[in-house]
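Below is one structure, written out as structure tokens; comments come after it.
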Amino acid sequence: MSILKVARIAHPVLRSPAKPVPKEAFRDRLFQKLIDDMRGTMYEYEGVGLAAPQVHEGLRLAVIEVPGSDERSRAEVPFFVLVNPVVTPLGDERENGWEGCLSIPDLRGLVPRLKRLKLDALDRDGKPYSLEAQDFFARVVQHESDHLDGNVYIDRMADMRSLTFIKEFEDHVHEDEE
Ligand SMILES: [Zn+2]
């Protein structure tokens, strides 16, 4: 397993719509290795999700894992793979929450996101699945899906004044200040 280099904003790969993963990719050893490498890279940088464009691969592929936490809105989500994901809103309720991104290091901002959604995607073997996500899990799915369309979280911020460095966030802002 390798730790991959993470693209930072202004790299064109982060602003280009990613290509659907073709059927034949699932049996490709390199595609499976890419997924393992993305998993290792996400752990290395302590992310809760990573999209393929963030490691310079313009494919509709992402990985997510949310470790258990004391924060009330952060339910644990075991590792899983999203290939060619489609997000459908469930209701129109939105909620503000803090986000950061490995491609925009050291920063955080408040982003309004759908509270509940349905996700349809393929797993790493090409098998379709469907699930419902809410709260922080739904937020991570929206954040990673955005990367596949060339969007990043700061594009979605309703008020840029909440943008903060992580150090200053820890000194001056509390998680429940929304
Ligand atoms: Zn991101």
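The values are calculated or read from the model by the stated rules, or taken from the named source; none is laboratory data. Quantities reported herein were computed from a predicted structural model and do not represent experimental measurements. Every residue, glycine as well, gets a Cβ built from its backbone with ideal geometry; the counts of neighbours run over all protein chains shown. Please note that ligands, DNA and RNA were not included when accessible areas were found on the heavy atoms of the full protein model with its side chains. Shrake-Rupley method; radii C 1.70, N 1.55, O 1.52, S 1.80 Å.
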Taking only DSSP H segments of four or more residues, each worth -39500 (n - 2.57), what value at 222 nm results for the chain once the sum is divided by all its residues, to the nearest 500 deg cm²/dmol? -7000 deg cm²/dmol
Rg (Å, one decimal) plus Dmax (Å, integer) for the alpha carbons of the chain? 15.7, 50
Which value, in Å², gives the accessible area per residue of the chain when a 1.4 Å probe is used on the protein heavy atoms? 56 Å²
Can you find, among Ser2, Leu110, Phe165, the residue farthest towards the positive end of the dipole of the chain? Put +1 on the C-beta of Lys and Arg, -1 on that of Asp and Glu. Ser2
Apply the Debye scattering formula to region 17-67, with a single equal point scatterer on each alpha-carbon and no solvent, then give log10 I(q)/I(0) at q = 0.16, 0.19, 0.31 Å⁻¹. -0.44, -0.61, -1.25
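Run the accessible area of region 134-178 with a 1.4 Å probe and give the carbon-and-sulfur part as a rounded percent. Write down the numbers at each step before the final one.
Details: 1210 of 2540 Å².
The nonpolar share, carbon plus sulfur, comes to 48 percent.
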Assuming 0.890 mPa s and 25 °C, estimate D for region 115-178 with Stokes-Einstein, Rh taken as the Kirkwood radius over Cα pairs, in µm²/s. 173 µm²/s
Could you pull out the pairs from Lys19/Lys127; Lys23/Lys127; Lys115/Lys167; Lys33/Lys127 whose alpha carbons sit more than 21 Å apart here? Lys115/Lys167
Compute the acute angle (0 to 90°) between the alpha-carbon long axis of helix 135-148 and the principal axis of greatest extent of the alpha-carbon atoms of the chain; round to the nearest 10°. 60 degrees
Based on Cβ point charges of +1 for Lys and Arg and -1 for Asp and Glu, what charge dipole magnitude is obtained for the chain about its Cα centre, in debye rounded to the nearest 20? 880 debye
Please name whichever of Gln134, Ser145, Ala121 sits farthest to the positive end of the charge dipole of region 118-159, dipole taken about the Cα centre and charges placed at Cβ: Lys and Arg +1, Asp and Glu -1. Ala121
Order by protection proxy (mean Cβ within 10 Å, highest first), peptides 4-13, 159-168, 44-53, 104-113: 44-53, 104-113, 4-13, 159-168
Over region 14-97, with every protein chain in place, what whole percent of the accessible area is carbon and sulfur at 1.4 Å, could you tell me? 49 percent
